[in-house]
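The values are calculated or read from the model by the stated rules, or taken from the named source; none is laboratory data. What you are looking at is a predicted structure, and each value in this text was computed from that prediction instead of being measured. We place every Cβ from the backbone using ideal geometry, glycine too, and count neighbours over all the protein chains shown.
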Amino acid sequence: MRRTSHLALLTYCVLLSFVLSSCGAPTPGPTPTKPPATDTPVLPTDTPAPTATPTDVPAPTRAQYNLSAVLDYANKSLAVDETIVYPNHSGAGLTDMELAVEPDLWTGCFNLASLTLDGAPVANSSLQGQMLWFQLPDVLQPEATTTIKIQYTLNLPLIEPTNPNLTRPRIFGYSQHQINLTNWYPFVVPRIDGKWILHDPWYYGEHLVYDAADYTVNLRPADPAVNPVIAASAAPTPNGEWTTYTLTAGRAFVISASTEFLTASTQVGDVTVTSYWLQQIYHDSGEAALNATAEALQIFEQKYGPYPHKTLAVVMGDFNDGMEFSAFFFLSHDFYNLYDGTQKSYLIFVAAHETAHQWWWEQVANDQALQPWLDEAMATYSEHIFYETADPQLVSFWWIYRIDFYNPQGWVDIPIYAGGGFRPYTNAVYFRGGHFLDELRTRIGDAAFFAFLQDYLKQENGKIATASDWFRILATHTTTDYSDIVRRYFQNIY
């Protein structure tokens, strides 16, 4: 096997200095405000759903998303019928609702045809940037349910991985080799402390916050003769001319489609892990990503708790970025290009990192804009846990080349907006976050540390956790004083 020289690795790390956290967002703009109400026209579309949605159902535990989408792969477009059954678990009556509509951030992408609420056209609504807001005709009482139906089309934007005007490459849209549907449907944003939570996009990091929800996605090609390979957040089930995907308690349902995908799968218990890559030359890299993900899945189940789904898709992205979603993550094509056949590779580092997000983001969510360390520091330190279990002799290498290469500085608990740039943000949240967790673990001991992580997962599973929740649960697992460590790494004391 050939091994990467130090100079090559230095070049590689500099090249990838902007791709080691999750997917960025479009250029940020002013904070959205609710404009005066307008009339929303009701227009028909030709996107028949394969099954009808019941209108008289008890309030579900989570919001239910039923999407029927016709994908025109050749023309890079999508026609969608969406039904959201939304239960009001906020504890208070609601007079309005906010939905995130990320595709509307690109001119001409999102085209709304119809918006109804409980069968009636919505009279007072506004769509501005990423936010769809509408007034409810009556107060939605606690534990009551409302049904939102939306018909729309998407004209997908071009992914421009080499555009020098982009701070970071975009994942959503199409490239020469694939179509990626990320945050492609309107979704109701979380309601916390009497407010809808929808933050501004930023140049790096993630700004969206997700409730857990249940998804039924029906997909069919517009032209049966053009039927790409589909990677998705759930397993496919044939349903006549449709293919149906069902995801329970997920944060975000994602699809990647390509006529060029090659695949390989393996089983981890009852979980099917599938690797998708572009072009035969990446066969070894695709297999390595598969094996690393499967091994990480086994390790994290042992250390943290069960993986919640029956599938996990590992997808080569036609862009220089990585990103986690429900039962799905992307890895940058540069990781595949520069894989050298060893475990000393960013392909392996980041495969373990993104797998860990299936615990720290998917099961236990957080406000990614304001408290990103809760998932990113946890996923970064999970790389350490992966290596110390899978290949202990490489732990020192991991610290030197993955964590300390950039001499990280800064407060761990900064929001994305205070990062001062991608590299300072990543150094503080990811890499200093890794050091914090390692020092904490050394201070309180392995037994208390892993008992805490398992309890944190159990107590906050399905919720949106905060730093206060994290430290509150930690305090129940040790009497050892770690306050000096917190003061060294955190600007806020919880």
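Before moving on, here are some points about what is shown:
- Selection count where residues are outside any strand (DSSP E or B), of a type in the set (Asp, Glu) and buried (at least 22 other Cβ atoms within 10 Å of the Cβ), scope segment 316-341: 2
- Taking segment 342-367 as the range and being polar (S, T, N, Q) and either within 17 Å of Asn461 (Cβ to Cβ) or crowded, with 23+ Cβ neighbours inside 10 Å (or both) as the test, the residues that pass are Thr355, Gln358, Gln363, Asn366.
- Residue that is nearest to Ser256 (Cα to Cα) [pool: residues in segment 305-359 that are over 13 Å from the mean Cα position of the chain (by Cα) and of a type in the set (Phe, Trp, Tyr)]: Phe319
- Residues in segment 368-377 that are surrounded by fewer than 24 Cβ atoms within 10 Å (Cβ to Cβ) and part of a helix (DSSP H, G or I): none.
- Residue match in segment 130-150 (condition: closer than 28 Å to Asn320 by Cα, crowded, with 16+ Cβ neighbours inside 10 Å and not hydroxyl-bearing (Ser, Thr, Tyr)): yes
- Near pairs, Cβ below 9 angstrom, 6+ apart or cross-chain, from segment 275-296 (touching a residue at least 60 places away in the same chain (Cβ under 8 Å)) to any residue that is assigned to a helix (DSSP H, G or I) and charged (D, E, K, R): Thr293/Glu354; Ala296/Glu354; Ala296/Glu383
- Residues being under 22 Å from Asn183 (Cα atoms), β-branched (Val, Ile, Thr) and assigned to a strand (DSSP E or B) - total across segment 249-296: 2
- Thr153 closer than 25 Å to Val226 by Cβ, polar (S, T, N, Q) and either at pLDDT 95 or above or not assigned by TED's automatic domain parsing to the domain that holds Tyr86 (or both): yes
- Residue within segment 390-410 that is in a loop (DSSP other than H, G, I, E, B), on the phi < 0 side of the Ramachandran plot and crowded, with 22+ Cβ neighbours inside 10 Å present: no
- Candidates Val271, Val209 - the one that is among the aliphatic types (A, V, I, L, M), farther than 21 Å from Phe172 by Cα and either buried (at least 18 other Cβ atoms within 10 Å of the Cβ) or without any contact (Cβ under 8 Å) to a residue 40 or more places away in the chain (or both): Val271
- Test result for Leu181, under 15 Å from the mean Cα position of the chain (by Cα) and surrounded by 18 or more Cβ atoms within 10 Å (Cβ to Cβ): yes
- Checking Pro50 against (1) over 14 Å from Tyr152 (Cβ atoms); (2) at pLDDT 95 or above, the condition it does not meet: (2)
- Thr476 fulfils the conditions (1) touching a helix residue (DSSP H, G or I) at 6+ places or on another chain (Cβ under 7 Å); (2) surrounded by fewer than 16 Cβ atoms within 10 Å (Cβ to Cβ); (3) within 30 Å of Arg62 (Cα to Cα) except for a single criterion, (1).
- Residue check, Ala418 out of contact with any Gly (no Cβ under 8 Å at 6 or more places or on another chain) and either at pLDDT 95 or above or not assigned by TED's automatic domain parsing to the domain that holds Tyr203 (or both): yes
- Verdict on Val429 being aliphatic (A, V, I, L, M), touching a Pro at 6+ places or on another chain (Cβ under 6 Å) and either in contact (Cβ under 8 Å) with a residue 12 or more places away in the chain or assigned to a helix (DSSP H, G or I) (or both): yes
- Only residues that are touching a residue at least 24 places away in the same chain (Cβ under 8 Å), part of a helix (DSSP H, G or I) and β-branched (Val, Ile, Thr) were counted in segment 456-485, giving 1.
- With respect to (1) within 19 Å of Gly250 (Cα to Cα); (2) more than 21 Å from the chain's Cα centre (by Cα); (3) in a strand (DSSP E or B), the lone exception for His89 is condition (3).
- Taking the criterion of being among the β-branched types (Val, Ile, Thr) and out of contact with any strand residue (DSSP E or B) (no Cβ under 6 Å at 6 or more places or on another chain), the only residue of segment 351-372 that qualifies is Thr355.
- Filter result (touching a residue at least 60 places away in the same chain (Cβ under 8 Å), charged (D, E, K, R) and not in a strand (DSSP E or B)) within segment 92-116: Glu102
- So Ala327, is it modelled with pLDDT of 95 or more, at positive phi and in the same structural domain as Pro224 (by TED's automatic domain parsing): no
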